[in-house]
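What follows is a short report on a single structure.
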Amino acid sequence: MAKTKTLYRCSDCSHTVAKWVGRCPECGTWGSMDEAPVQPVAVASRSGTSLARAGAAAVLPSTPATPLSQIDGKSTHAKPSGIPELDRVLGGGVVPGSVVLLAGEPGVGKSTLLLEVVHRWALRGEADRALYVTGEESAGQVRLRADRTGAVHDRVYLAAENDLATIFGHVEQVRPTLLVVDSVQTMLAADVDGVTGGVTQVRAVTSALTSLAKSSGIPVLLIGHVTKDGAVAGPRSLEHLVDVVLHFEGDKHSTLRMVRGVKNRFGAADEVGCFELAEDGIVGVSDPSGLFLQHRDEAVPGTAVTVTMDGKRPLLGEVQALVVPTHNPSPRRAVSGLDSARVAMVLAVLERRCGLGRLGNCDVYA
C-alpha cells in the first residue's frame with residue numbers, strides 16, 4: 001500500500017525538513033518554509049519482490065557498473081602544483097577531476113596565491129594550460145598583479161566573466177588542464193532564480209562546476225568568501241559538494257600566511273602550509289619557525305621559546321609575558337595569540353604547585 005508524506009521546503013535555498021519550522025536551519029531565513037507535496041511511495045511487500053516509487057519506471061544505464069578491481073586508479077594520481085607548501089596541504093598535489101575550495105578574508109592573498117598556481121602549472125609542459133576566470137576584477141587589473149608577481153605566461157589564459165554558460169564556452173575553446181574561478185560568489189547561472197551570491201545561485205554554480213570537473217577530469221580551484229565569524233560564506237552544503245576545503249589565514253599586521261586544510265578526500269585534513277606575502281608575490285616557507293621568533297643577541301626576561309603542534313607540523317614560537325603587581329581586587333589577565341583558558345590553567349598550576357602565590361595579586365599580560 002502507498003503512504004503519503006508531507007515535507008516542508010525553503011523557498012530560498014530549497015532545503016527540506018520533515019516538520020514545519022519558523023526559520024530555515026540551512027540558510028537562516030525566517031518564514032520561508034512552505035509545504036511541499038510529495039508523491040506517494042510504494043511500500044515493499046513482505047516477499048521483497050518490488051520496491052519502487054509509484055509512477056516511476058526503471059531506466060537502463062548507458063554505462064554498466066564496473067567492478068572496483070577493474071577501475072584504473074593511475075589516472076587520478078595527484079599532480080604537483082609546483083608549490084610544495086600547497087601540495088603538502090592538498091595531500092601531494094592536485095587530483096584530476098577534483099574541486100578545491102579556498103576560502104579566506106578579503107585581502108589575505110587568495111587571488112595572488114592561485115595566480116602563482118596557474119603560472120607554475122603552465123611551466124609544467126606544453127600540454128598544460130590553465131584558465132583563470134575572474135568575476136571580481138577586470139582583465140587589466142589581473143595583468144597588473146601578474147606583472148608584479150612575475151606570473152605572465154603564454155599558456156595562462158584569462159577571462160573576466162561572471163556568466164556560467166560563457167565560462168563553459170571558454171573551457172570548450174581553451175581546453176585547459178586546470179581551471180580557477182575567482183570567486184564562486186560572483187558567478188551567475190542564468191537559468192537559476194536568485195541574486196548573485198545568494199544561497200541558490202552559489203549552490204547551482206558549485207554543482208555545475210563540480211559536474212564539469214568530474215566529467216572532464218579538469219581540476220577546479222574555487223575562491224570563496226568568508227563570513228564575519230570566519231566560516232565559509234554560502235550554504236552549508238557548499239562544503240559537501242567540493243572535495244577539498246582550505247582556509248587561508250593571516251594577520252594583516254604580518255606577512256605570514258597559513259593555508260589550513262579543513263576537509264580533504266585525498267589526504268590528511270589537518271595539514272598546514274606556510275607562506276610569506278611580499279611585494280613581488282607569495283612564496284612558500286618550508287621552515288617558518290624563524291618568523292615566530294624575535295632575533296636577539298641576549299635572552300630577555302619574560303620570554304620563552306616553546307614548541308607547538310599545528311596540524312602535523314611542529315613550530316617554534318616565542319611566548320612573551322609581563323607580570324605587574326596590582327592593588328585591584330580582580331587582577332587583569334590579558335592575552336594575545338594564546339588561549340586564555342590555557343593561560344589561566346598555567347597560572348593556577350604555578351600558584352598551587354610552584355609556590356608562586358603572588359601571581360594572584362598581579363596583572364598578567366601574555
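The values are calculated or read from the model by the stated rules, or taken from the named source; none is laboratory data. Source: prediction; values computed, not measured. Don't worry about glycine lacking a Cβ; one is built from the backbone with ideal geometry, like all the others, and counts go over all protein chains shown.
Table for the structure above
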| item | result |
| --- | --- |
| Residues (surrounded by fewer than 20 Cβ atoms within 10 Å (Cβ to Cβ) and under 26 Å from residue 79 (Cα atoms)) located in region 160-170 | 168, 169, 170 |
| Residue selected from region 216-256 under the condition assigned to a loop (DSSP other than H, G, I, E, B) and small (Gly, Ala, Ser), by the criterion surrounded by the most Cβ atoms within 10 Å (Cβ to Cβ) | 234 |
| Residue list for region 257-285, filter: closer than 17 Å to residue 309 by Cα, surrounded by fewer than 20 Cβ atoms within 10 Å (Cβ to Cβ), of a type outside the set (Val, Ile, Thr) and out of contact with any His (no Cβ under 6 Å at 6 or more places or on another chain) | 268, 269, 270 |
| Members of region 127-153 that are of a type outside the set (A, V, I, L, M), more than 20 Å from residue 225 (Cα to Cα) and free of Cβ contacts under 8 Å to residues at least 24 places away in the same chain | 140, 143, 147 |
| When residues of region 290-313 are limited to those that are touching a Gly at 6+ places or on another chain (Cβ under 8 Å) and surrounded by 11 or more Cβ atoms within 10 Å (Cβ to Cβ), the one nearest to residue 267 (Cα to Cα) | 311 |
| Matching option when the condition is at pLDDT 95 or above and in contact with an Asp or Glu (Cβ under 8 Å, 6 or more places away or on another chain), among 131, 178 | 178 |
| Near pairs, Cβ below 6 angstrom, 6+ apart or cross-chain, from region 92-114 (within 20 Å of residue 240 (Cα to Cα)) to any residue that is outside any strand (DSSP E or B) and among the basic types (Lys, Arg) | 97/214; 102/110; 104/110 |
| Subset of region 13-37 that is of a type in the set (D, E, K, R) and surrounded by fewer than 14 Cβ atoms within 10 Å (Cβ to Cβ) - its residue that is farthest from the chain's Cα centre (by Cα) | 35 |
| Qualifying residue in region 308-318 (condition: assigned to a helix (DSSP H, G or I), outside the structural domain of residue 242 (by TED's automatic domain parsing) and small (Gly, Ala, Ser)) | no |
| Subset tally (residues that are within 37 Å of the chain's Cα centre (by Cα), on the phi > 0 side of the Ramachandran plot and in contact (Cβ under 8 Å) with a residue 12 or more places away in the chain) for region 291-337 | 1 |
| Of all residues in region 69-105 being among the acidic types (Asp, Glu) and either in a helix (DSSP H, G or I) or at pLDDT 95 or above (or both), the one that is surrounded by the most Cβ atoms within 10 Å (Cβ to Cβ) | 85 |
